[in-house]
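Visitor: One structure is given below, represented as structure tokens, and several questions about it will come after.
The values are calculated or read from the model by the stated rules, or taken from the named source; none is laboratory data. Computed from a predicted model, the values in this text were never measured in an experiment. All Cβ positions, glycine included, derive from the backbone under ideal geometry; neighbour counts span all protein chains shown. To get the accessible areas, we keep the full protein, side chains included, count just its heavy atoms, and leave off ligands, DNA and RNA. Shrake-Rupley method; radii C 1.70, N 1.55, O 1.52, S 1.80 Å.
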Amino acid sequence: MARRRLLLLLKPLDVYPSHQSDKLSRFTSPKVINYLDNRRTVHSNAINFCQNILKKKFVDWDTVYRSNLSQPIRDVDLVVTIGGDGTLLQASHFMDNSIPILGINSDPTKAEEVEEHSEDFDATRSTGHLCAATIKNFEQMLDDILENRAVPSEVARMSINVNSKQLSIFPLNDVLIAHPCPATVSRFSFRIWREGEQCSPLLNSRSSGLRVSTAAGSTAAMLSAGGFRMPILSRDLQYLVREPISPGANSSVHGVVKSNESMEIKWFSEEGLIYIDGSHVVFSVQFGDMIELSPKAPSLNVFLPSHFLS
């Protein structure tokens, strides 16, 4: 068996302010400081644990912090992310569909801790919705992958074209198109197309923006905003106009773009931003720009949590 090549992509440790940081003022509760220190320690221990497991396997690997990732990921057999969904999402922006990815939730939420601190602060840790492993089952998952007992799933992504030019990043979770100032009304219109023909009326919108999600992202902000969960392997997109002004009885503010359809959006505000999978990747649009969103994007091969496959 050939020696496998892995890329270990890490969530940085400095995302958690230390007790010595200026970010933690004298007004910060000792409970919060201890909680943040513990999160940093747990994440650091998870990295060390996974690296020690890798030392025992027939693999070579390179380690990169996600903040230092700037080039497409190539010439590896597997990407392993250690962090949470954010780290996996960032990796996906640099990957095509030829390399599978395994997410490790390094700092899972502890229900008893959330309950204990519920009167003081939110002690929720990492959700890890798309992460198939924690340190408890990482070695077994890795062995299954290396011995070809585990098969990745093809998870759909989204294609974005602005004025007929395709953006280089394919969102795995969702996009939000909105004015840079959240208090400013966004003006746009959109309709759905299928095979070159219109299959929905034109909807003119004044609102706080438009959110469109993949199936993988339908349990995140989309669900919180009133959307619905989609089967993880669905290739459809779900859209939701945020806080529409005078929506009336128009059901088009929330709907689905089928796998053989696309959404065409005309932007009518002076400024606009396309946020991809959160707030870290942003593209600008301006008055008159045409934005096309469709499911016609390369999928991502993800080793999914077992509950998705049952």
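Visitor: How about the stretch 185-206: which of its residues are at pLDDT 95 or above and among the polar types (S, T, N, Q)?
Guide: Those that are at pLDDT 95 or above and among the polar types (S, T, N, Q): SER186, SER189.
Visitor: Mind checking whether some residue in the stretch 70-81 is acidic (Asp, Glu) and open to solvent by 20 Å² or more (accessible area, probe 1.4 Å)?
Guide: Yes, that holds for at least one residue.
Visitor: Only one of SER279, SER246, SER234, SER262 is touching a Leu at 6+ places or on another chain (Cβ under 8 Å) and polar (S, T, N, Q). Can you tell me which?
Guide: Matching residue, one of SER279, SER246, SER234, SER262: SER262.
Visitor: What residue, among those in the stretch 1-40 that are open to solvent by 70 Å² or more (accessible area, probe 1.4 Å) and within 26 Å of the chain's Cα centre (by Cα), is modelled with the lowest pLDDT?
Guide: Result: ASP14.
Visitor: While we're here: Checking SER118 against (1) modelled with pLDDT under 95; (2) open to solvent by less than 30 Å² (accessible area, probe 1.4 Å); (3) among the small types (Gly, Ala, Ser): exactly one of these is not met. Which one?
Guide: All conditions are met except number (2).
Visitor: Can I ask one more? GLU112 fails exactly one of the following numbered conditions: (1) buried (at least 18 other Cβ atoms within 10 Å of the Cβ); (2) under 23 Å from HIS307 (Cα atoms); (3) modelled with pLDDT of 95 or more. What is the number of that condition?
Guide: For GLU112, the exception is condition (1).
Visitor: So LYS258 fits all but one of (1) under 15 Å from GLY209 (Cα atoms); (2) out of contact with any Phe, Trp or Tyr (no Cβ under 6 Å at 6 or more places or on another chain); what number is the exception?
Guide: The failed condition is (1).
Visitor: Counting residues that are open to solvent by less than 30 Å² (accessible area, probe 1.4 Å) and in contact with a Gly (Cβ under 6 Å, 6 or more places away or on another chain), which strands (runs of 3 or more DSSP E) fully inside the stretch 229-310 reach at least 2?
Guide: Once the strands (runs of 3 or more DSSP E) in the stretch 229-310 are filtered for at least 2 residues that are open to solvent by less than 30 Å² (accessible area, probe 1.4 Å) and in contact with a Gly (Cβ under 6 Å, 6 or more places away or on another chain), what remains is 237-241.
Visitor: Next question, about the same structure. Please tell me if LEU223 is open to solvent by 50 Å² or more (accessible area, probe 1.4 Å), more than 30 Å from VAL302 (Cα to Cα), without any contact (Cβ under 8 Å) to a residue 24 or more places away in the chain and among the hydrophobic types (A, V, I, L, M, F, W, C).
Guide: Against the criterion (open to solvent by 50 Å² or more (accessible area, probe 1.4 Å), more than 30 Å from VAL302 (Cα to Cα), without any contact (Cβ under 8 Å) to a residue 24 or more places away in the chain and among the hydrophobic types (A, V, I, L, M, F, W, C)), LEU223 does not qualify.
Visitor: Here is a further query. Can you name every residue in the stretch 66-121 that is more than 19 Å from LEU142 (Cα to Cα), touching a residue at least 24 places away in the same chain (Cβ under 8 Å), in a helix (DSSP H, G or I) and of a type in the set (A, V, I, L, M)?
Guide: Hit for the stretch 66-121 is LEU89, nothing else.
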